[in-house]
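The values are calculated or read from the model by the stated rules, or taken from the named source; none is laboratory data. Note that the structure is a prediction, hence the values are computed from the model and not measured. Please note: Cβ atoms are built from the backbone with ideal geometry, for glycine as well, and neighbour counts cover all protein chains shown. Accessible surface areas use protein heavy atoms only, side chains included; no ligands, DNA or RNA. Shrake-Rupley method; radii C 1.70, N 1.55, O 1.52, S 1.80 Å.
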Amino acid sequence: MAQTLSEQILSRAAGRPVSAGEVVTVNVDLVMMHDSLSPGIIRVLHEELGAERVWDPERVAVVIDHVAPAASVQTAEKQAEVRRWVRAQGIKHLFDVGRGISHPVLVEEGLARPGMVIVGSDSHSTAYGCVGAFGTGMGTTDIALAVATGRTWFRVPETVLVRARGRFRPGVSAKDLGLKAARLLRADGATYAAVEWHGVEFLSVMERMTLATLSIEVGAKAGIVPPTGLSQPVPHWLRVEEGACYSRVVEIDLDDLEPQVSAPHTVDNVTDLRDLGRVAVDVVYLGTCTNGHYEDMAAAARILRGRRVAPGVRMLVVPASAQALQLAAEDGTLATLLAAGATIGTPGCGACIGRHMGVLAPGEVCLFTGNRNFRGRMGSPEARIYLASPEVAAATAITGYITHPQDVIDAPYDEP
Amino acid sequence: MARVWLFGADINTDQIVPGRYAPYMLKNEDDLRKYPFIEHRPDFAANVRPGDIIVAGNNFGCGSSREYAPLALRMVGIGAIIAPLFARIFFRNALNLGIPCFTADLTGELRDGEEVELDLEQGRIYTGDGRTIQLPPPPAFLREVWAAGGIVPFYRKYGRFPGEG
């Protein structure tokens, strides 16, 4: 019988054919744990489970990205404890402060590959779907069990299909598609399901990550882009099958798609930017696993070249990874962003979770390229967070209010 | 008697415990008990009593994988959470910690602050004005995990995962 990508991957991991609705125990290929939950995971592993060793030190990746570099003695102590534990366990893959956010880093390092089952201590672990892996987020105890046993249990998800047609217009990008899908599906529209993103094979791996990370924002367990056109080998058994069963199909025409903005305080509170009215901002934050990639910085730089961030606006750029930062440094993207007046942070999660490096004050308005605009997420509960693409972020930084990229591109400016 | 704490739809993990109050950020992790709903509903942590129940709207617990959101609720002794739909990571975290979650919409049936009795064994709520509300029975494998007191005691007892033969 034809299977969805999730059913194919979980069948392989379970060692037998499985289909949506079944509860199965599967082998995991890789476990990711980050600094925020790792101290708790280590405690559950040793104190509650009584496990002395991780099941396979080559298949555990530990990333210090949530508060990197440490912001307090408490976080520094806990990171030191995590590093000691990594050494004691002989864990092969430690990505320390500055290497970047777990999700792009694991893809860049070739650790996340098509057809794998990857569980991570971060809800945006759906990101690994950008290379055709089944990636899913879990909490402390589930991750502790996975690193102890190399296994976990799942209810095999139904699949919601998002089918895109056509090509983006100038100033429109993957984020707009992701937000449009959230607008149509709503925040709970794919709860317990997987999302497959079809018709997006023209996107780069990191642009696909934008879609895969946004899948959790519609409640999904995993968000998978079919692994076509990758440099990595794709297992022969992994491909979109004619006749696979989808619980729901959503069609989005890219030719008509306008820049989308998610207004406070829920991700699915999405409108066309043109219908938003005039919203002045204090902060533009370009970063995160959703839109802090090299492509995102380059897209913003194309709009910012020869222009300046508006007086009174702070533009923070936090690259998603050291590799993204390196690329941006090599081709002049970084110089363009700096010349425009942006400030650059250490690759990592930064202010996305409101812990450091850009926390918002009461009354402030932030235009954010990330994935969540929940009240209080980035600091004060009296702050307001709008989500949009890197192109909208750049245009907004220039004018000081949420702006359609085309309006800035069409405006005259002095060549530097 | 348990009291009902009524919440709306789409309560996310940043509302349950903002990331700034993660145990990772705290000097004393036990302080986590002070922070459930600290900004969303500041009277909660001070007044909640062991056994109280949360009755919420759709999509409870959406957002982060942070297990310290349900952990903070366990630390203050929440007896059960009832919502029409739970976000899956939250549901799993709560299950793992042994917090009973029932999938039902009682937001129109119970009032905020109402005193009720919860019979977990029978899955029933008895209200002060004499009504009995039967909760939909959870699948057997979930009840097994609750009975064991969470996923770690379950795994240590049976050496297997829920639903595995």
Chain B, helix-only ellipticity at 222 nm - DSSP H runs n ≥ 4, -39,500 (n - 2.57), divided by all residues, nearest 500: -6500 deg cm²/dmol
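Using a 10 Å cut-off on Cβ to Cβ distances, tally the other chain neighbours for every residue of A:370-379 and report the average as a whole number.
If you average over the peptide's residues, the count of other-chain Cβ atoms is 5.
Provide the packing ranking of A:117-124, B:93-100, i.e. peptides ordered by the mean count of other C-beta atoms within 10 Å per residue, highest first. Working shown, then result.
Values: A:117-124: 28.1, B:93-100: 23.0.
Ranked from most to least packed, the peptides come out as A:117-124, B:93-100.
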Carbon/sulfur fraction of accessible area - the protein assembly as shown, other protein chains in place, 1.4 Å, %: 49
Virtual spin-label span in nm between A:Ala339 and A:Asp253, 7 Å along Cα→Cβ: 4.0
Length gained when the stretch B:Asp112-B:Thr127 is fully extended (0.36 nm per residue, less Cα-Cα span): 4.2 nm
Integer Hz, Karplus 6.51/-1.76/1.60 couplings in order for segment A:73-78, x for Gly and Pro: 4, 4, 5, 4, 4, 5
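What total accessible surface area, summed over both chains, is buried at the interface between chains A and B, computed with a 1.4 Å probe and given in Å² to the nearest 100? Don't skip to the answer; put the middle values down first.
Working: alone 15670 and 8510 Å², together 20230 Å².
When A and B are taken together, about 3900 Å² of accessible area is lost.
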Per-residue average of Cβ from other chains inside 10 Å of A:214-226: 2
3J(HN,Hα) from dihedral phi, segment A:130-145, Karplus parametrisation 6.51/-1.76/1.60, rounded to Hz, x for glycine, proline: 5, 10, x, 9, 8, x, 8, x, 9, x, 3, 5, 4, 5, 4, 5
Shape of chain A, Cα gyration tensor, a/c cut at 1.5: oblate
Segment A:194-296 - accessible surface per residue (Å², probe 1.4 Å): 36
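Express the accessible area of segment A:1-122 per residue in Å², computed with a 1.4 Å probe while the remaining protein chains stay in the model. Kindly include the intermediate steps, with their values, before the conclusion.
Numbers: 4320 Å² over 122 residues.
Each residue of segment A:1-122 exposes 35 Å² on average to a 1.4 Å probe.
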3J(HN,Hα) from dihedral phi, segment B:138-153, Karplus parametrisation 6.51/-1.76/1.60, rounded to Hz, x for glycine, proline: x, x, 4, 5, 6, 4, 4, 5, 4, 4, 6, x, x, 6, 5, x
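Shape of chain B from its Cα gyration tensor (a ≥ b ≥ c, root eigenvalues): rounded if a/c is under 1.5, otherwise prolate when a/b > b/c, or oblate?
Oblate, because a/c is 1.5 or more while a/b does not exceed b/c.
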For A:Ser204, distant residues with modelled amide H under 5 Å away: none
For A:Thr403, residues with placed amide H under 5 Å, excluding near neighbours: A:Thr396
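Could you work out the local net charge near B:Phe60, counting Lys and Arg as +1, Asp and Glu as -1, over the other residues with Cβ closer than 12 Å to its Cβ? Don't skip to the answer; put the middle values down first.
Working: positive: B:Arg88; negative: A:Asp188, B:Asp10, B:Asp105.
Local charge sum for B:Phe60: -2.
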